[in-house]
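A.B. asks: Okay, here's the structure, questions in a sec.
The values are calculated or read from the model by the stated rules, or taken from the named source; none is laboratory data. Because the structure is a prediction, the values reported are computed rather than measured. Positions of Cβ are generated from backbone atoms using ideal geometry, with glycine treated the same way; all protein chains shown enter the neighbour counts. What goes into the accessible areas is simple: the full protein's heavy atoms, side chains included, and nothing from ligands, DNA or RNA. Shrake-Rupley method; radii C 1.70, N 1.55, O 1.52, S 1.80 Å.
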Amino acid sequence: MYDLYIGGNDGVDIENCNGMFSYFLNCVKIDLENLYTDKVKYFTGMFSRDTNLKEINLENMNTSNGTMMNTMFNKCLSLSQLDVSNFDTSNVTNMAAMFYNCGFSEINLSNFNTSNVNLCK
């Protein structure tokens with residue numbers, strides 16, 4: 001197992017996290033408890049094609065400025081549970097294929113606000 005440190009004292013100081021963790025083919029667990037994403041607008045494909053991912057902690061992830069979440073979890077085939085109930089999706093306009101071809105048996109979308117989404121297929 002390896003630990004990967006991203007960011008600094010102010011977290012991720014960019015607007016674009018597109019594909020940040022995509023194609024981590026051997027990764028089985030991602031814990032983003034301390035990843036600060038307050039400034040991020042683009043989450044497109046962030047975990048796309050992490051086919052062996054079994055566990056992910058997104059509990060403290062700030063998505064309040066997010067506008068694009070398309071293909072965010074595309075082909076997370078081994079991920080059986082996902083809790084994104086803490087996601088603030090009020091500014092998101094694109095959720096196309098966000099959960100396409102995933103292996104979820106349980107997903108918590110209880111607080112999703114899709115009022116601004118105009119692309120979701």
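A.B. asks: Among N91, N86, which is part of a loop (DSSP other than H, G, I, E, B), over 13 Å from the mean Cα position of the chain (by Cα) and under 22 Å from V117 (Cβ atoms)?
C.D. replies: Exactly one of N91, N86 is part of a loop (DSSP other than H, G, I, E, B), over 13 Å from the mean Cα position of the chain (by Cα) and under 22 Å from V117 (Cβ atoms), namely N91.
A.B. asks: Within the stretch 1-33, can you find the residues that are farther than 18 Å from T71 by Cβ and at pLDDT 90 or above?
C.D. replies: N26, V28, K29
A.B. asks: If S110 satisfies all but one of (1) of a type outside the set (K, R); (2) open to solvent by less than 70 Å² (accessible area, probe 1.4 Å); (3) more than 20 Å from N16 (Cα to Cα), what's the number of the condition it fails?
C.D. replies: Unmet for S110, out of (1) of a type outside the set (K, R); (2) open to solvent by less than 70 Å² (accessible area, probe 1.4 Å); (3) more than 20 Å from N16 (Cα to Cα): (2).
A.B. asks: Evaluate the following for N111: is it within 18 Å of E33 (Cα to Cα), modelled with pLDDT under 95 and of a type outside the set (A, V, I, L, M, F, W, C)?
C.D. replies: On the way: within 18 Å of E33 (Cα to Cα): no; modelled with pLDDT under 95: yes; of a type outside the set (A, V, I, L, M, F, W, C): yes.
No, not satisfied.
A.B. asks: Checking the condition open to solvent by 10 Å² or more (accessible area, probe 1.4 Å), of a type outside the set (A, V, I, L, M), touching an Asp or Glu at 6+ places or on another chain (Cβ under 9 Å) and assigned to a loop (DSSP other than H, G, I, E, B), which residue from C27, C102, C76 passes?
C.D. replies: C27
A.B. asks: Confirm whether D38 is assigned to a loop (DSSP other than H, G, I, E, B), over 21 Å from V117 (Cβ atoms) and either touching a helix residue (DSSP H, G or I) at 6+ places or on another chain (Cβ under 7 Å) or open to solvent by less than 30 Å² (accessible area, probe 1.4 Å) (or both).
C.D. replies: no
A.B. asks: Would you mind finding the one in N62, N70 that is within 16 Å of N113 (Cβ to Cβ), open to solvent by 10 Å² or more (accessible area, probe 1.4 Å) and in a loop (DSSP other than H, G, I, E, B)? Break it down into steps so the answer makes sense when it comes.
C.D. replies: Values: N70 fails: within 16 Å of N113 (Cβ to Cβ).
Going through N62, N70 in turn, the sole match is N62.
A.B. asks: Taking I56 as meeting all but one of (1) open to solvent by 50 Å² or more (accessible area, probe 1.4 Å); (2) part of a strand (DSSP E or B); (3) hydrophobic (A, V, I, L, M, F, W, C), write down the number of the exception.
C.D. replies: (1)
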